[in-house]
Amino acid sequence: MQNRQAKENILEEPSPPLMVRAVLATSNTTLKLERWCITGLMFLLTFLILLNVVTRYSGSSLYWVDESAVYSVVWLTFIGGSAMTRLRMDFAVEMVTEKLPATYKKIAKITAGLGIATFSIALAWMCLLWFDPIGFAQAGFEPKAFAGKSFNFIYTERTQTLNWPSWVVYLIIPIFSVTMVIHSVANLLEDLGFAAVSKFKEFGLTNAESVN
């Protein structure tokens with residue numbers, strides 16, 4: 001009898017709106033990609049560190065290894081930070097909120113989510129102004145012409161030892177801002193009650209609430 005009632009309750013539970021499902025699906029797909037990127041970058045960083053030790057010990061140091069390891073850590077940090085946002089593993093100070101009633105605690109959580117979403121959107125907008133793809137296109141995709149016109153040298157700078165275009169390395173910041181917008185909006189929709197809290201079994205978590 002109880003099992004039948006439980007099944008009926010599950011069947012009667014309304015499905016989230018299409019737009020909410022789309023945002024959650026996009027966020028969860030992004031999280032899966034971030035998981036693969038994090039794994040790959042961790043393997044790459046381990047390889048670079050071991051390669052650096054071996055080459056230094058043999059007396060034939062490769063100078064580009066140090067810079068590669070630094071950039072790997074930078075990308076790993078930003079991608080990991082974005083994933084932690086969706087997993088609700090970001091840092092939180094709960095000295096006040098844990099003493100509040102459930103209603104006010106929910107309000108505080110939604111307010112914090114709005115703050116993260118606002119920050120992410122602002123960061124994405126600043127990255128758009130920084131990279132200025134429209135201005136770069138108007139300059140004919142010529143870095144020197146764009147720099148002379150806008151005094152923005154992002155497309156003319158190069159890394160020290162790898163000699164890569166610096167904007168390739170900086171690209172992680174706009175990527176981070178976009179993924180943070182997606183994850184923060186998904187978390188906010190769940191906190192507002194538009195959908196149930198997502199589960200992330202592949203990360204060893206039964207649900208997001210088990211973390212934060």
Looking at the stretch 35-91, which of its residues are among the small types (Gly, Ala, Ser) and either under 17 Å from Val178 (Cα atoms) or free of Cβ contacts under 8 Å to residues at least 24 places away in the same chain (or both)?
Gly40, Ser58, Gly59, Ser60, Ser61, Gly80, Gly81, Ser82, Ala83
Restricting to the stretch 113-150, name every residue that is surrounded by 15 or more Cβ atoms within 10 Å (Cβ to Cβ), within 26 Å of Ile182 (Cα to Cα) and more than 17 Å from the chain's Cα centre (by Cα).
Phe131, Asp132
Residues of the stretch 89-104 satisfying the condition of being over 19 Å from Ser184 (Cβ atoms) and assigned to a helix (DSSP H, G or I):
Glu98, Lys99, Ala102, Thr103, Tyr104
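Only the coordinates and a few stated rules stand behind these numbers; no lab work does. Quick caveat: nothing in here was measured; it's all calculated off a predicted structure. Cβ coordinates were reconstructed from backbone atoms using ideal geometry, including for glycine residues, and neighbour counts include every protein chain displayed.
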